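**Student:** Take a look at the following structure, please.
The values are calculated or read from the model by the stated rules, or taken from the named source; none is laboratory data. Since the model is a prediction, treat every value here as computed from it, not as a measurement. Here the Cβ positions follow ideal geometry from the backbone for every residue, glycine too, while neighbour counts run over all protein chains shown. Keep in mind that these areas ignore ligands, DNA and RNA; they rest on the heavy atoms of the full protein, side chains included. Shrake-Rupley method; radii C 1.70, N 1.55, O 1.52, S 1.80 Å.
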Amino acid sequence: MKKFRKVLDGLTTSSPVNPGGSPSCGSAAGTPSTAPTPRELEIQETLMSEHFQICKTVRHGFPYQPTALAFDPVQKILAIGTRSGGVRLLGRPGVDCHCQHESGAAVLQLQFLINEGALVTACADDTLHLWNLRQRRPAILHSLKFNRERITFCHLPFQSKWLYVGTERGNTHIVNIESFILSGYVIMWNKAIELSTKTHPGPVVHLSDSPKDEGKLLIGFESGTIVMWDLRAKRADFRIYYDEAIHSVSWHHEGRQFMCSHSDGSLSMWNLRNTAKPFQVTFPHGKTQRDGRKESCKPILKVEYKTSKNSEAFVIFSGGLSYDKAGRRPTLTIMHGKAIIVLEMDYPIVDFLVLCETPYLNEVQEPYAVAVLLEKDFLVVDLTQSNFPIFENPYPMDIHESPVTCTAYFADCPPDIIPVLYSIGAKHKKTGYSHKEWPLSGGTWTVGSQTYPEIIITGHADGSIKFWDATAITLQMLYKLKTSKVFEKPKSGDVGRSAELVEEDPYAIQMISWCPQSRIFCVVGISAHVILYRFSKHDANTTITVSVLLNVTVKIDSTCTESEYCGHRVKDRMIRMPPGYQAELVVQLLWVDGEPPQQITSLDLNSAYGLLALGNCNGLAVVDYLQKTVLLCMSTLELYGSADPFQRLTRSPRKNRQSTSGTHALCVSESHKCSNTVCFFVTKLRENSFSRSRSSSVSSIDRETKEAVTTLQFAESYGRKSDTLPTPCLWVGTSLGLVLIIPMSIPTDEQERTVLMLKASVLRFAFLDCGGALINCPYEVWRDQHAPDDPDRPRKRKLVNFSPSSSQEASGDGHLAVVCSERQAKVFFMPSQACLYVHNITESSFVLRADVVSVCNSVCLACFCANGHIMTLSLPSLRPLLDVNYLPLTDMRIARTFCFTNGGQALYLCSPTEMQRITYSQEMCDNLQEMLGELFTPIETPEAQNRGFLKGFFGGNAQTFDREELFGEAAAGKASRSLAQHIPGQGGMEGMKAAAGGVVGELARARIALDERGQRLGELEERTALMMTSAETFSKHAHEVMLKCKDKKWYQF
């Protein structure tokens, strides 16, 4: 410890870098003649622009602002539409695909072509799209844009190629799915209703064909009018005029009766034999009042009426609660026989679907589950068990359980870390789920050949941390940690100025630092606190103690209460810590005179040194977390000493009570062995001190007079030009573009201060050896401190050092330091500090995130700018390799969560509930098809049940209904061209290739071939008829000429 304590002595005695006092930067900084030039280094760079390409890989999380739901009962694939025009397709775990409409219009409705590998989407811009799902990345085959009418409802009968489209005007159009062209057959609203009706029936809210007869179409209008339209006869079979608005309609499978849900919270049952009035009207949640009237209820937005062979029918609906029960959560009601089960939901219900065994509407449905889409969640209820449990969701739909505030992405982790985290996290999983397998089992997915362990860590607003297994483009939660458990719960009676200034989310995570090898984990909270965790497989009983606050420069008045100085109190009693990450150290910046501390802007941790460094806009602190001791605490100006390039002056704290308003205390509290707490003050800079204006930026500090510490990194480096071997150093980057190198060793002579300069705030440091390879930071090998005593277990710390000094060949050769700021990147040669390469990344914008990453067995500098550009630069020459305008910065959320990692991958939060992973590696783009899941698998459509002779004889018309005869061009003619415009899609060729396999594809090809043959025969017949007509005309004219010239002599012509 003596050598670390002498660091303060070495820092307080400073000497100028050079007589001029200017920072040593580049060749103008007096570079020694012995410094190598770029040519002398002879680093072979292998990365070329051909190695890079931007491509989205996979999207995780819950679809943001969902609007629609659909399910293919044969393929067992589910689709969710969103307000921003996105479509999410879900199957078995690993089968998870996101599609996006270019228009960005909200998805109103989804319709699967059941077992055909296709999906129809109806969007708010009144356009229909046909998606091909027979390829790993779905594409649009056709689009149809309605020009004069607005789409309100769509219905596609099973095994039909004709789509019914209802509109806001009350008309019903019919679209051919194969050609995506409108049929001339139109059901106009004024023909559907009686001529004597004086009012418009409103938009079409429901369309369905009768299970008993496909030639009958049930049309529901918003006003309460229901029409059964005979498609063959082109007239209405019956009309129902109900005085309550209709929201949905559901048929009984026999086709003799149907159920409607209404805006007054009622359900009405209708029988086709007598449509004069409903034979049953019920208010499931409406009680009869004393005067005999039903209490008013909320609308029932949707109802599903499903039959079962071995039990009573299921009636499932959403809404319908009485208005007097204020504060009740949204509900899904399941009526099964006489039992009524009400399931309360955490969020409003957007849509739900009853999953049934058969795709045929005229068979007993046999429902087995209900898929419920909520505003912020998705769940599936098991109908086969009496208590209706939910299935355990295999998709990461709870990323947004608390808003994500920061992310970290680690590729190529140690292989043992994921199983260890999973085994501990599995002990805390919820129970009570259905024992059956997840019902969405469609598609196929296999782990690709090129996989390596990947972990994503998310920090949340409630102070929780989630570790996710991100291997092979999947996402599965491993372990959850709650940082708020370190602190006492605030008492409800605590009222004061400090309580008023506390953030809404006082435990929100700002930064994450994790060393996978040593398993040491550190988080920074928004309330200016740092918590250090160590990993253990065993539980531990420890006491986190906080003693009286001490100040190394000013004595705090003993009459002041602790609550005035600290926003959160660390627990001061014996607590049990379960296996996993256990808090070892808490560092707090304390409140002073009711003023909150400045937020921490930078953090770094090194397990080999046992040191933790943190900085904010006031200064820098270095803590020895092994000995629970503060090694260094200085303002930014004091770090420079006389080497300050701007010759600013420091101000020492005043020796009176008022000085505390100009300082912030830092408290170190520990949970092991040491009971003393060390506190010190970081001096605020004077308001009139030097300030260098910066261009607009979204960095974590304001444009004030302070110089913030924006980045920190421990490394084996050269703190002085005279050093011959690398030693432990701390690299410090500031908001003014200055870099300081602080040696963590005993100075043998007058210490020379190293100051380097760049444009704008410094963001990232990295170090390369003279061969161009990345030098990783040294670390301590993990050992379980709470494991039972084992004589074979080593007690000493085992360190792994990647320093060039560990190699005799590289000893004394120096290394390269890569420094990236918001506008510029530089490569310095150490220890001479010569600037070898400079590259101005951007002039019109600024860099939000920069990382030195490994790609294709080499390293590069990856940058994400505020103007949406993603760039990669070669190292060490800083040669531009990639510059793509990928994503404009539309939200601070993207700036806060964007991060790069090794292997050419990156991620960001594309919405408050979704995480988007991308790749900038050409190799990964090429292998992406292999990694993605297949949405479509060839499955034979189940055969329809044999109805039997008597049932077919007495059960109604069993004849087949040929829609082609009614809706085809020959019978119905062509629709008006101005009504809708056909737009060919981009995925046509891929769709034709994909449709080549499978029974359905063969049938589709045969059908298309027959259509084409019939079309050619029709054209040939038309040509023959034209030729015959032409021949008859010619014969007639020839006969007339003959008669005219019959009696004339030759000389009369």
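**Student:** If packing is taken as the average count of other Cβ atoms within 10 Å, what order do 184-194, 826-836, 868-878 fall into, highest mean first? Write down the numbers at each step before the final one.
**Tutor:** Numbers: 184-194: 17.2, 826-836: 23.5, 868-878: 21.8.
Output ranking for 184-194, 826-836, 868-878: 826-836, 868-878, 184-194.
**Student:** Can you pick out the pairs among LYS480/LYS571; LYS277/LYS306; LYS212/LYS309; LYS628/LYS759 whose Cα atoms lie more than 27 Å from each other?
**Tutor:** On the way: LYS480/LYS571 20 Å; LYS277/LYS306 22 Å; LYS212/LYS309 18 Å; LYS628/LYS759 36 Å.
Beyond 27 Å between Cα atoms: LYS628/LYS759.
**Student:** Hey, another quick one. What are the ³J(HN,Hα) values, in whole Hz, obtained from phi via the Karplus relation 6.51 cos²θ - 1.76 cosθ + 1.60 with θ = phi - 60°, for each residue of the stretch 189-202 in sequence order, with x given for Gly and Pro?
**Tutor:** Once θ is set to phi - 60°, the couplings for the stretch 189-202 become 4, 6, 8, 5, 9, 6, 5, 6, 5, 8, 10, 6, x, x Hz.
**Student:** Explain nothing, just compute: Karplus ³J(HN,Hα) = 6.51 cos²θ - 1.76 cosθ + 1.60, θ = phi - 60°, for every residue of the stretch 177-188 in order, whole Hz, x for Gly and Pro.
**Tutor:** Ordered by residue, 3J(HN,Hα) equals 5, 6, 9, 6, 10, 5, 7, x, 7, 10, 9, 6 Hz.
**Student:** Using 7 Å Cα-to-Cβ label points, what is the ILE939/ASP125 separation (nm, one decimal)?
**Tutor:** So the label points at ILE939 and ASP125 sit 3.3 nm apart.
**Student:** Collect residues whose amide H, placed 1.01 Å from N in the peptide plane, falls under 5 Å from the amide H of HIS538; neighbours closer than 5 in sequence don't count.
**Tutor:** For HIS538, whose amide H was placed from the backbone, the distant partners under 5 Å are GLY580.
**Student:** Also, quick follow-up: Please work out whether the stretch 326-427 counts as rounded, prolate or oblate from its C-alpha gyration tensor, where a ≥ b ≥ c are the square roots of the eigenvalues and a/c under 1.5 means rounded, while otherwise a/b larger than b/c means prolate and anything else oblate? Could the numbers behind the result be given before it?
**Tutor:** Details: a/c = 2.52, a/b = 1.82, b/c = 1.38.
Cα axes put the stretch 326-427 in the prolate bin.
**Student:** Roughly speaking, to the nearest percent, how much of the stretch 56-96's 1.4 Å accessible area is carbon and sulfur? Display every interim value, and only then the final one.
**Tutor:** On the way: 440 of 970 Å².
Of the solvent-accessible surface of the stretch 56-96, carbon and sulfur hold 45 percent.
**Student:** HN-Hα J couplings of the stretch 860-877 from phi, Karplus 6.51/-1.76/1.60, θ = phi - 60°, integer Hz, Gly and Pro as x?
**Tutor:** Result, ordered by residue: 8, 9, 9, 10, 10, 9, 5, 7, x, 7, 10, 10, 10, 10, 6, 10, x, 6 Hz.
**Student:** Check which residues have an amide H placed less than 5 Å from GLY61's amide H, if you skip close sequence neighbours.
**Tutor:** Counting only residues 5 or more places away or on other chains, the set is MET915.
**Student:** Please report the carbon-and-sulfur percent of the accessible area for the stretch 367-441; probe 1.4 Å, protein heavy atoms only, DNA, RNA and ligands left out.
**Tutor:** Working: 1730 of 3340 Å².
With neighbouring chains kept in place, the figure for the stretch 367-441 is 52 percent.
**Student:** Could you provide, to the nearest whole Å², the per residue accessible area of the stretch 56-156 with probe 1.4 Å?
**Tutor:** That works out to 29 Å² per residue.
**Student:** For ASP351, enumerate residues with amide H under 5 Å from its amide H, sequence gap 5+ or separate chain, H modeled in the peptide plane.
**Tutor:** Result for ASP351 returns LEU373.
**Student:** Roughly how many Å² is the accessible area per residue of the stretch 834-933, as a whole number, for a 1.4 Å probe?
**Tutor:** 31
**Student:** Determine the share of the stretch 285-325's accessible area contributed by carbon and sulfur atoms, expressed in whole percent, with a 1.4 angstrom probe. Show your work: numbers first, answer last.
**Tutor:** Numbers: 1030 of 2330 Å².
Here it works out to 44 percent.
**Student:** Right, here's the next one. Run the simple label-point estimate for ALA1025 and ASP230 please: 7 Å along Cα→C-beta, distance reported in nm.
**Tutor:** 3.0
**Student:** Nothing charged except the Cβ atoms of Lys and Arg (+1) and of Asp and Glu (-1): what's the magnitude of the dipole of the stretch 406-490 about its Cα centre? Round to the nearest 20 debye.
**Tutor:** Using only the charged Cβ atoms, the result is roughly 480 debye.
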